[in-house]
């Protein structure tokens, strides 16, 4: 088990590396519970960085679920939360390790094109049926 000072340093390095990475990917700082927002093909993604974790949440549940299912790393289907947790080990928190995981998912997200062919036309689904005669 790493010493507390080693772990604290690893958490600081993790936070700095993730901050730099998500800002480079287009995230901007916001006020509120989440620290950042990023506009993606799946809608607005909220982001917050913790000790060894990146907490994210899709505002658009349908698009968030569709995207995360396409990369086999699903978000919470009820809240849109899509979390990335790393073990409390300095080696697991190293920027080179974390960027590999995040790089894959975020590059896929930013390049994703929603398949709208499977989305029904709302007016045709909600049409009012004529009364029975």
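Throughout, read-outs are computed from the coordinates displayed, never taken from laboratory work. From a predicted model like this one, the values you see are computed outputs, not experimental measurements. Please note: Cβ atoms are built from the backbone with ideal geometry, for glycine as well, and neighbour counts cover all protein chains shown.
Using the number of other C-beta atoms within 10 angstrom as an exposure proxy, rank 18, 49 with the fewest first.
Placing the least packed residue first, the sequence is 49, 18.
With a point put 7 Å past each Cα toward its Cβ, work out how far residue 89 is from residue 107 in nm, to one decimal.
2.5
Taking the mean number of other Cβ atoms within 10 Å as a proxy for protection, how do you rank 65-76, 21-32 from highest to lowest? Walk me through the intermediate numbers first.
On the way: 65-76: 16.1, 21-32: 13.7.
For the peptides 65-76, 21-32, the packing ranking is 65-76, 21-32.
Rounded, prolate or oblate: pick one for the stretch 4-125, where a ≥ b ≥ c are the square roots of the eigenvalues of its C-alpha gyration tensor, a/c under 1.5 means rounded, and failing that, prolate if a/b is larger than b/c, else oblate.
prolate
Label-point separation (nm) for residue 3 and residue 33, each offset 7 Å from Cα along Cα-to-Cβ?
The answer from the label model is 3.8 nm.
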